[in-house]
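The values are calculated or read from the model by the stated rules, or taken from the named source; none is laboratory data. Since this is a predicted model, take the numbers as computed values, not measurements. FYI the Cβ positions are ideal-geometry reconstructions off the backbone, even for glycines, and counts take in every protein chain you see.
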Amino acid sequence: MTDSKEIGALAISRKGWLRSHQWLLLRRTVQVVILLLFLAGPLTGVWLLKGSLAGSRFLDLVPLHDPYIQLQGLVGGHVPTTTVLIGVLLVGGFYLLVGGRVYCSWVCPVNMITDAAAWLRRRLAIEEGMRLARSTRYWLMGMVLLLSALLGMIVWELLNPITMLYRGLLFGMGMAWLIPVAIFFFDLLVAKHGWCGHLCPVGSFYSLLALGSPLRVRANGRQECIKCQDCYAVCPEPQVISPALNGAEQGRGPVILSANCTNCGRCIDICAEGVFSFGSRFHNQ
Amino acid sequence: MSDAEVKDQAHASRRRFLLGSAKTACGVALFGLGLGFYGARQSEAMPYYAMRPPGALDEKRFLAACIRCGQCVRACPYSTLRLAAPEEKVATGTPYFIARQIPCELCENRPCITACPSGALDPTLTDIYQARMGLAVVMDQESCLNFLGLRCDVCYRSCPLLDKAISLDAQHNRRSGKHTLFIPTVHSKHCTGCGKCEKSCVLEKAAIKVVPLVLAKGELGKHYRLGWEEKSKAGRSLIPEQLDLPDRLPEFDSPLQPEWKP
Ligand code: SF4
Ligand code: SF4
Ligand code: SF4
């Protein structure tokens, strides 16, 4: 990290504020527009997406369904209906193409909260704090499936902050707002990138859909890298960058292959040298 | 670095890795235990005041099926249904209604059921009158106006299945000695648990309430047979003709009690 300058200052001076925030802005727009598609119905009576993130119908016709919730139901002993299967295939298929954790950075509302916490954490220069293993989320994901099977119910929906927040906004909040607030402060004060980067079982499930996804971030211009470390500072999963960025000597290609890259594009924005870009996972030399 | 040192380092790093994994696994297991108990508690019967939408699978299966999407809530034209907030007793995010607030209007075209994508509301329930959301019971017989001898009848009149699900059964009014009580009587064979009666009860707090079936219904011993039903099924009594002895009245001039005088 450059100690004299703020993170991203170089990129802003080189490319201007707008171009060094373009993917971030686009991402926020998409997140808010999806929420608005749901909200349009209850607010204006124009029903575009009916339901919530767990399952919905687009224009009263196309079903869209969350695969992780359905998997919990399935191991819990409920056979999905045809409608649900179509919805799961549409959603799952989409994420198989664009990378599962696109859900995290482009759709999930909790991402806005944890991004805000990470931003404030950088601002206040709060040190890393509690060290959780990045693998904790996979343990949690498996544990949720095990419990779903044992109890015969969709277990994670009892706690899932994502759907709870969405339900709260769409159907009435109750005390549900406490959970995102708790996550904000957990990420801010307890563990850096704590929730989305280490714990969330939904994100870890979606990462499995990114194992072969064609759309990836590439460090094609890695020889231009000036080692300013800004990309590491803003990336919610900084461990995914290094193999692609510094792997030339070990013969690794420039594609960020880790399934936990959320395809958020923040590294593309923040890099003054234009090292990163969206591309495909193929031709990786 | 000597070979031994390299080996030591490899050993230490393996140890660190194993310890780290064990730590994570323990943490997750502990959390899982808590979540498991919480989940098990939530999957118990619903609180007495909360009814599931029509066609809901039984509670255990419902919680594996319902994805808490709220499409049934959206479909209901009477805003009967709502989704449970996390602090409520009903499993988080699942749909329910409180009859005293807004009862189910038993829409013949079943909007909630057709909207449900998951099968948590059983699509084979084509006749809404076959729904069994709960059962109405006149809980407080001391306050019910009809039990007191008045002709309130409001719950009876509000029932969509009047005279089938609820009837007024005539009984002698022992207090006045000369009037009739019209007792609201619910018949589980037809009661859908829609809650219209509870909603309409004129008292400050409803005397008639819809409660979950598990709460409302008793159960006969499996081997019990009701004689009169068996008889009508068989077309004849199942026990041999009983000897009908003449009723014995005190016979005052019985030779056994010659001295007795009333
Ligand atoms: S039957 Fe009609 S009133 Fe009753 S819950 Fe369904 S949509 Fe609402
Ligand atoms: S529509 Fe079905 S799956 Fe969705 S909340 Fe209602 S009962 Fe549950
Ligand atoms: S509406 Fe209430 S008070 Fe009136 S008869 Fe029915 S239960 Fe009794």
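Laid out as a table, the results:
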quantity: Residues of the range B:51-75 satisfying the condition of being on the phi < 0 side of the Ramachandran plot, outside any helix (DSSP H, G or I) and either more than 16 Å from ligand 1 (Cβ to nearest atom) or crowded, with 22+ Cβ neighbours inside 10 Å (or both); calculated: B:51, B:52, B:53, B:54, B:56, B:58, B:66, B:67, B:69
quantity: Residue match in the range B:49-64 (condition: under 27 Å from residue A:177 (Cα atoms) and either hydroxyl-bearing (Ser, Thr, Tyr) or within 16 Å of ligand 3 (Cβ to nearest atom) (or both)); calculated: yes
quantity: Condition check for residue B:10: facing chain A (nearest Cβ under 10 Å) and small (Gly, Ala, Ser); calculated: no
quantity: Selection within the range A:223-251 - more than 25 Å from the chain's Cα centre (by Cα) and in a loop (DSSP other than H, G, I, E, B); calculated: A:225, A:226, A:227, A:248, A:249, A:250, A:251
quantity: Matching residues, the range B:13-50, being more than 11 Å from chain A (Cβ to nearest Cβ), under 24 Å from residue B:193 (Cα atoms) and not in a loop (DSSP other than H, G, I, E, B); calculated: B:50
quantity: Residues satisfying the stated conditions in the range A:135-173, i.e. within 8 Å of chain B (Cβ to nearest Cβ) and assigned to a loop (DSSP other than H, G, I, E, B); calculated: A:135, A:152, A:153, A:154, A:155, A:159, A:172, A:173
quantity: Yes/no for residue B:87 being more than 13 Å from ligand 1 (Cβ to nearest atom), in contact with a Ser or Thr (Cβ under 8 Å, 6 or more places away or on another chain) and not polar (S, T, N, Q); calculated: no
quantity: Residue match in the range A:137-152 (condition: out of contact with any strand residue (DSSP E or B) (no Cβ under 6 Å at 6 or more places or on another chain), in contact (Cβ under 8 Å) with a residue 40 or more places away in the chain and basic (Lys, Arg)); calculated: yes
quantity: Cβ-Cβ under 6 Å pairs, at least 6 apart or on other chains, the range B:62-91 side within 7 Å of chain A (Cβ to nearest Cβ), far side among the β-branched types (Val, Ile, Thr) and more than 8 Å from ligand 2 (Cβ to nearest atom); calculated: B:67/A:69; B:86/B:92
quantity: Residue match in the range B:109-120 (condition: more than 8 Å from chain A (Cβ to nearest Cβ), within 16 Å of the chain's Cα centre (by Cα) and touching a residue at least 60 places away in the same chain (Cβ under 8 Å)); calculated: no
quantity: Helices (runs of 4 or more DSSP H) (entirely within the range B:107-225) containing at least 1 residues that are over 28 Å from residue A:73 (Cβ atoms) and either at pLDDT 95 or above or basic (Lys, Arg) (or both); calculated: B:154-158, B:196-200
